[in-house]
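Engineer: Just dropping this structure here.
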Amino acid sequence: MIARLRLVALAALVVLALVVAGRGGSGPTTDAARAAHLSEQLRCPVCEGLSVADSPSSTARAMAADIRRRVEAGESDDAIRRAYIAQYGSWILLEPPGAGFGLVAWALPIGCAVAALGGVALVLRRRALLVRAMDVP
Amino acid sequence: MSPRRLAALGVVAVVLAGAALAATRLDATADYRATPLLGRLAPDAHVTTLDGRSVAVRDLAGRSVIVNFWNTWCTPCRREVPALETFWSRHHDDEDIVFVGVVRDDTEGAVQKWVDERRWDWTIAMDPGDRTALAFGTTGQPETFAIAPDGLVVGRRVGEASVDDLEHLLTLARGQ
């Protein structure tokens, strides 16, 4: 039973590590790749749930061109995101920011998943204790 | 706590996690009307009028400015035309008011024809590359902004504006 608990704890750690790894990383390095990546992260403001990269609208094309211009002008990814947030609010980001209220959106699912795994582990542990108690003559 | 209750809590936690993830990633009903521009200086944007003049939005400071984003082909823009014409007929003699129609996503030829046919006499400007529309954080057209004489954005109307809406925006732009 202890081995099973260890397995559950290990699985929880792997899930957390995958989530953290997925959020990090060095990211694209060339100007074109950076512009494309930003276009995937920013929302097309005249569309329903589409990124700038995925939308064929003229506004999205204008945004993509603006992003390319800013990247070529030497602006950092963060500065470009901040510029669009200043114009549209954080709504313009397809994924919530990893700070402020947006951090809650990231932390809540992870916290709930960890709590769920913890609950399962507790149930298994109690069941094991019960079985052990019943085995005692 | 009984094992059953713990298991139920686990299920609830998983459902909540899924719901939170879905709510943040599939946000199709976000508030289109919220703008962080309100109370801030108008964007440092330039437009080119149909007669070839370059106009910097910030150079209009000192007067009450109404900026209307529009084009000739969008249906709500066409429905808005009588309101725009009535509004401007009331105020075109007032030199403290600037009314600018910024065209997005249209051709200069179609706009010139439209303006000539209707004898519009407020400032009409093209916005190649949608740079001014993006600087104002527009989400389509029509969309109308009020800028006070101190250069601050004080009002925004998303979608078709009535005469009352335009008068309300002007009241805001006058600082009243």
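The values are calculated or read from the model by the stated rules, or taken from the named source; none is laboratory data. This is a predicted model, so every value here is computed, not measured. All Cβ positions, glycine included, derive from the backbone under ideal geometry; neighbour counts span all protein chains shown.
Engineer: Just need a number here: residues in region A:33-49 that are modelled with pLDDT under 95 and either aliphatic (A, V, I, L, M) or not in a loop (DSSP other than H, G, I, E, B) (or both).
Structural biologist: Total satisfying the criteria: 1.
Engineer: Given the condition crowded, with 21+ Cβ neighbours inside 10 Å, assigned to a loop (DSSP other than H, G, I, E, B), among the acidic types (D, E) and in contact with a strand residue (DSSP E or B) (Cβ under 6 Å, 6 or more places away or on another chain), answer yes or no: does some residue in region B:142-149 qualify?
Structural biologist: no
Engineer: Now for a different question. Could you please find all residues in region B:46-91 being touching a Gly at 6+ places or on another chain (Cβ under 6 Å), assigned to a strand (DSSP E or B) and surrounded by fewer than 20 Cβ atoms within 10 Å (Cβ to Cβ)?
Structural biologist: Those that are touching a Gly at 6+ places or on another chain (Cβ under 6 Å), assigned to a strand (DSSP E or B) and surrounded by fewer than 20 Cβ atoms within 10 Å (Cβ to Cβ): none in region B:46-91.
Engineer: Given (1) away from chain A (no Cβ under 14 Å); (2) acidic (D, E); (3) over 18 Å from B:G39 (Cα atoms), where does B:D150 come up short, assuming only one miss?
Structural biologist: B:D150 satisfies every listed condition except (3).
Engineer: Out of all the residues in region B:115-133, which are surrounded by 17 or more Cβ atoms within 10 Å (Cβ to Cβ) and part of a loop (DSSP other than H, G, I, E, B)?
Structural biologist: Selection gives B:W120, B:W122, B:D127.
Engineer: Separate question: Being touching a residue at least 12 places away in the same chain (Cβ under 8 Å) and either within 14 Å of the chain's Cα centre (by Cα) or within 14 Å of chain A (Cβ to nearest Cβ) (or both): is that true of B:D165 here?
Structural biologist: yes
Engineer: Would you mind finding the one in B:V47, B:V55, B:V81 that is in contact with a His (Cβ under 9 Å, 6 or more places away or on another chain) and in contact (Cβ under 8 Å) with a residue 24 or more places away in the chain?
Structural biologist: B:V55
Engineer: Is one or more of the residues making up region B:95-103 assigned to a strand (DSSP E or B) and farther than 24 Å from B:T75 by Cβ?
Structural biologist: Yes; the residues of region B:95-103 include at least one that is assigned to a strand (DSSP E or B) and farther than 24 Å from B:T75 by Cβ.
Engineer: Ok, one more. So, B:Q112, is that one in a helix (DSSP H, G or I) and either in contact (Cβ under 8 Å) with a residue 24 or more places away in the chain or within 14 Å of chain A (Cβ to nearest Cβ) (or both) or not?
Structural biologist: Answer is yes for this residue.
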